[in-house]
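A short write-up of the structure that comes next.
The values are calculated or read from the model by the stated rules, or taken from the named source; none is laboratory data. On a predicted model such as this, the values are computed, not experimentally measured, just so you know. Glycine also receives a Cβ, built like all others from the backbone with ideal geometry; neighbour counts cover every protein chain displayed. Areas reflect the complete protein model, heavy atoms only, side chains present, ligands, DNA and RNA absent. Shrake-Rupley method; radii C 1.70, N 1.55, O 1.52, S 1.80 Å.
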Amino acid sequence: MPGVELTRLYDIEKIRRQYAIFANALGMTFDDGAYFEEAKEAVGLFTAMHGDTVFAVGEMANADPFELSVALCRYGLRVAEIYGTVTPERFVYIRQLARLSPETKIMSNLSPSMLYYEPDAAVTATIGKDAAYYHPDAARVLWTEERQPFGYAGVTKLFRSLQKVMEKGKGE
């Protein structure tokens, strides 16, 4: 039986391609333009107002921290740190990060050396429970709700949540 796996992504161009592949697998087309534009607007508003935000991204979130970090970098934002488990399937994102953001540090939550972790003072916002733990003074979006939006809706909600916490100064 033919099929396609839909992956949780945060790069809206990749989401658009994934939906096109899905529609093709079903033998149909659909217009996702309004949803694409809504997500693009949410990203654009955040980057226009908070383009100097420096992120720490964790794996205790409804996102692959490496894919999300690549998307943030493509949107012109800076990712200082990623807390995640390096696996072979994540090398595609790590290679992209090496080109887009070679200064980004990758750390393992499982490493005993994290007991001596010193927060990077440049980090102003976090995504994920683990990143929030390591940066308790930064604005934070935990991004761990039971019902999490997917695709464009996920991007839109994430960036609107980030906008809200940056305005409030702390987070969820």
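Tabulated results
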{"item": "Pair list, Cβ under 9 Å, 6 or more apart: the range 1-12 residue within 16 Å of Tyr93 (Cβ to Cβ) and assigned to a loop (DSSP other than H, G, I, E, B), other residue modelled with pLDDT under 90 and open to solvent by less than 70 Å² (accessible area, probe 1.4 Å)", "result": "Arg8/Gln148"}
{"item": "Met107 vs. criteria under 17 Å from the mean Cα position of the chain (by Cα), under 27 Å from Thr7 (Cα atoms) and of a type in the set (A, V, I, L, M, F, W, C)", "result": "yes"}
{"item": "Qualifying positions in the range 92-113 - modelled with pLDDT of 95 or more, within 23 Å of Lys129 (Cα to Cα) and not in a loop (DSSP other than H, G, I, E, B)", "result": "Tyr93, Ile94, Leu97, Lys105, Ile106, Met107"}
{"item": "The lone exception for Ala63 - which of (1) within 18 Å of Gly154 (Cα to Cα); (2) open to solvent by 10 Å² or more (accessible area, probe 1.4 Å); (3) aliphatic (A, V, I, L, M); (4) part of a helix (DSSP H, G or I) it fails", "result": "(4)"}
{"item": "Filter result (open to solvent by 40 Å² or more (accessible area, probe 1.4 Å) and assigned to a helix (DSSP H, G or I)) within the range 66-81", "result": "Arg74"}
{"item": "Criterion (in contact (Cβ under 8 Å) with a residue 60 or more places away in the chain and among the acidic types (Asp, Glu)) met by exactly one of Glu81, Glu59, Glu89", "result": "Glu59"}
{"item": "Residue list for the range 82-108, restricted to those being open to solvent by 40 Å² or more (accessible area, probe 1.4 Å), under 16 Å from Ala61 (Cβ atoms) and in contact with a strand residue (DSSP E or B) (Cβ under 7 Å, 6 or more places away or on another chain)", "result": "Ile106"}
{"item": "Subset of the range 44-60 [surrounded by 24 or more Cβ atoms within 10 Å (Cβ to Cβ) and either among the aliphatic types (A, V, I, L, M) or modelled with pLDDT under 95 (or both)]", "result": "Ala56, Val57"}
{"item": "Pairs, first within 23 Å of Gly154 (Cα to Cα) in the range 112-139, second part of a helix (DSSP H, G or I) and open to solvent by 40 Å² or more (accessible area, probe 1.4 Å), C-beta under 7 Å, six or more apart", "result": "Ala125/Met166; Ala139/Met166"}
{"item": "Residues of the range 109-134 satisfying the condition of being of a type in the set (S, T, N, Q) and either under 28 Å from Glu167 (Cβ atoms) or exposed (fewer than 13 other Cβ atoms within 10 Å of the Cβ) (or both)", "result": "Ser111, Ser113, Thr124, Thr126"}
{"item": "Residue count for the range 23-37, restricted to those that are open to solvent by less than 90 Å² (accessible area, probe 1.4 Å) and closer than 28 Å to Gly76 by Cβ", "result": "4"}
{"item": "Among (1) aliphatic (A, V, I, L, M); (2) open to solvent by 40 Å² or more (accessible area, probe 1.4 Å); (3) over 16 Å from Met60 (Cβ atoms); (4) touching a residue at least 12 places away in the same chain (Cβ under 8 Å), the one test that Leu162 misses", "result": "(2)"}
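Every residue, every condition in (1) in a loop (DSSP other than H, G, I, E, B); (2) charged (D, E, K, R), yes or no:
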position: Glu89; (1), (2): no, yes
position: Leu115; (1), (2): no, no
position: Pro119; (1), (2): yes, no
position: Ala122; (1), (2): yes, no
